[in-house]
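For reference, the structure discussed in these notes is given below.
The values are calculated or read from the model by the stated rules, or taken from the named source; none is laboratory data. The model shown is predicted, which means the values in this text are computed figures rather than measured ones. Neighbour counts are summed over all protein chains in view; Cβ atoms, including those assigned to glycine, are modelled from backbone coordinates with ideal geometry.
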Amino acid sequence: MKSSMYPKIALSNIKKNARVYIPYIITCIFTVSMFSIMKSLSVNDDVASISTSVSEVLGFGNGVMAVFSFIFLFYTNSFLMKKRKKEFGLFNILGMEKKHISLISAYENLFCAAIGIGGGLGISFLLEKFMYMLLAKIIGVSTVPKYHFSPDAFKITVLFFSVLFVCIYINSVRIIYRTKTIELLKSDHSGEREPKARWIIAAAGLICLGAGYWLALSVENAVAAITMFFAAVILVIAGTYMLFTTGSIALLKILKKNKGYYYKTSRFISVSGMIYRMKQNAVGLSNICILSTMVLVVVSTTVSLLFGVESIAKNNCSDDFVIYADSSIEHLEETIRDFAEDEDVEIKKLQKYNSLTFSGVREESSIRVIFDKNYDDFSKICIISAFTAEDYRKMTGFDVSPAENEVYIFCNRGKITGSSLSIGDTEFSIKGEIKEIIRNGAAEKNVAETIYLVVSDYIVLERLCEIQKNAYGDNASVINTCINFSTDASEERQLALYDRILEFDTAQDKYMLSDNYIATRRGAYELTGGLFFIGIFLGLMFAVATVIIIYYKQISEGMDDRGRFEILQKVGMNRSEIKKSINSQVLTVFFLPLCVAGIHIIFAFPMVRKILLALGLTDTPLFIRCTILCFAVFAVLYAIVYTMTSRTYYRIVSE
């Protein structure tokens, strides 16, 4: 055969198989464009000049997209190979050797790669500036530097997807050479043996799923939630795959044994049809379920963070200016007032109090102060922030009167059980729980939970300071002078004053930490805006992957079922009965992943909520509303996809 014939045959094959190739090519273009845009923004100096934290977040998101793109395009290509096996078998019988088939496949892959990479880069080039402006708008930047095209992102995208398409081609050649000709010809019927219900695997799936749910429900604090999150995710994914693979077969066999349910025309046909192909269906259903869960978790959390920015900033910085400094720094208040006067900022409601903040290990109701470099159970680490009853009364207006051996207590991310609290070798009786607290922004930013204590007087505060000094030595904390004040000055004047305070902070050789609400809010917008941006990107990627998998699944099943429904029509089944049977089958299978994804979200909620607490979002009702709204919107889109793909399925089986 002449070498010029191979590209012609490849193009002809793509045209003849347009039903499966066009969605694949669109998927390639979409994936390349999304990756290219994210890569361009993450390596672009213009984005870094706006915010280095956003640039770092985008870099992380780009890494996730690279991994997902690799898996997604490999998985999508597997549908193409499945539908082309019979065609390759015919080529083989007609005299083509497998090396010739591999060469045709190479040209097909080359054409798809050229269109996918070229089209993706073209769309990326058109949308990059718009996405840059959108990102700047989300993170609240008023003055945006002019955007410049990044050649490095272009080169990295071309290189990455070129390697990816080469890997896809190598896998295609492997399938062609390893599969016998007779197997290629009979590939359409390879799934028609009734599978066995493997109860051991089903039980293992239940155990994995139960263990993942238990981890999500039993986690006690934010640190444990972060450390156990990926373990829970892996268990749930493993359980989902095993249950869909074997549990779905077991369920269908149970329905088959139920005569009242099974012996009805539409159910008889749909159940018997699904049970013979459920082994190959299960993987697709599992992927749809996992991707749907990813979409819901990623979008709901990032939307919650974006809308909760004000709450996050307020938790981290309770007033316009909050300053924590070693009490031995002289004339701190006078210095700050001088700076404010220089910057034309009028100070209002200045409050001054003492505070002691140190870390410890929480074990049930006791707090153990230790200094152990090898201590690795981070889930028990906590922050203790203590202040006197007099300062508490001055700051909040609430009058509490603990005795020398008593404390009032509040835990921001958990509860203290019992009637006593031990810190080192000193035990305090818990007199009550305070409702209004003096928030310590430095402690609130910490992932670990913060335990706030109100003690009787400054002498007890010094005693606590000595306890942690004995444990930590040179690394011990000191009693801080804390200054809070508000102002009506403009944002620019506040930031100018904040810069002066930071310069003074840097010049000290003693502990000093300064916060400004405007700066904190801007930082929160940068972080949450960056997370929201990649959340929308990843959510869109997962959603498109879900739609593509559903589409290919319906096409694959439609082609497999076409012959079966032809036989049913020949034995007297009319089109309306066929359509009713199709709806029953598609509806049963189609909405199962969505229902299971909803169950996953419900069980994941406590763990995700604690992770959001670690990020500063304490508005749980907001997270609940965002989660419900995201699920509702996704369910509507899912139903639309169901309507469209079920029509495709019906059209195929009716041909």
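Key figures
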{"item": "Odd one out for Gly616 among (1) of a type outside the set (Lys, Arg); (2) on the phi > 0 side of the Ramachandran plot; (3) surrounded by fewer than 17 Cβ atoms within 10 Å (Cβ to Cβ)", "result": "(3)"}
{"item": "Residue identified as assigned by TED's automatic domain parsing to the domain that holds Ser385, surrounded by 14 or more Cβ atoms within 10 Å (Cβ to Cβ) and either of a type in the set (Gly, Ala, Ser) or under 39 Å from the mean Cα position of the chain (by Cα) (or both) among Val460, Val454", "result": "Val454"}
{"item": "The one condition in (1) in contact with a helix residue (DSSP H, G or I) (Cβ under 6 Å, 6 or more places away or on another chain); (2) modelled with pLDDT of 75 or more; (3) over 30 Å from Leu134 (Cα atoms) that Lys83 fails to fulfil", "result": "(2)"}
{"item": "Selection status of Ile237, assigned to a helix (DSSP H, G or I) and in contact with a Ser or Thr (Cβ under 9 Å, 6 or more places away or on another chain)", "result": "yes"}
{"item": "From the options Ala153, Ala114, residue that is among the aliphatic types (A, V, I, L, M), assigned to a helix (DSSP H, G or I) and at pLDDT 85 or above", "result": "Ala114"}
{"item": "Scan of the range 502-518 for residues that are in contact with a helix residue (DSSP H, G or I) (Cβ under 6 Å, 6 or more places away or on another chain) and of a type in the set (A, V, I, L, M, F, W, C), ordered by number", "result": "Met512, Leu513, Ile518"}
{"item": "Some residue of the range 208-219 being in contact with a Gly (Cβ under 7 Å, 6 or more places away or on another chain) and either among the charged types (D, E, K, R) or at pLDDT below 80 (or both)", "result": "no"}
{"item": "Verdict on Phe504 being out of contact with any Pro (no Cβ under 6 Å at 6 or more places or on another chain), crowded, with 22+ Cβ neighbours inside 10 Å, not aliphatic (A, V, I, L, M) and not assigned by TED's automatic domain parsing to the domain that holds Val400", "result": "no"}
{"item": "Of all residues making up the range 463-518, the number that are without any contact (Cβ under 8 Å) to a residue 60 or more places away in the chain, within 30 Å of Gly360 (Cβ to Cβ) and of a type in the set (A, V, I, L, M)", "result": "1"}
{"item": "Among residues of the range 209-258, those that are among the charged types (D, E, K, R) and either touching a strand residue (DSSP E or B) at 6+ places or on another chain (Cβ under 6 Å) or within 30 Å of Lys380 (Cα to Cα) (or both), counted", "result": "1"}
{"item": "Meets criteria (over 22 Å from the mean Cα position of the chain (by Cα) and under 20 Å from Cys482 (Cα atoms)) for Ala282", "result": "no"}
{"item": "Residues that are more than 19 Å from Ile601 (Cα to Cα) and polar (S, T, N, Q), drawn from the range 619-655", "result": "Thr643, Thr645, Ser646, Thr648, Ser654"}
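Yes/no per residue for (1) modelled with pLDDT of 75 or more; (2) within 26 Å of Arg178 (Cα to Cα):
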| residue | (1), (2) |
| --- | --- |
| Ile26 | yes, no |
| Ala48 | no, no |
| Gly59 | yes, no |
| Phe68 | yes, no |
| Ile71 | yes, yes |
| Asn77 | yes, yes |
| Phe91 | no, yes |
| Ser102 | yes, yes |
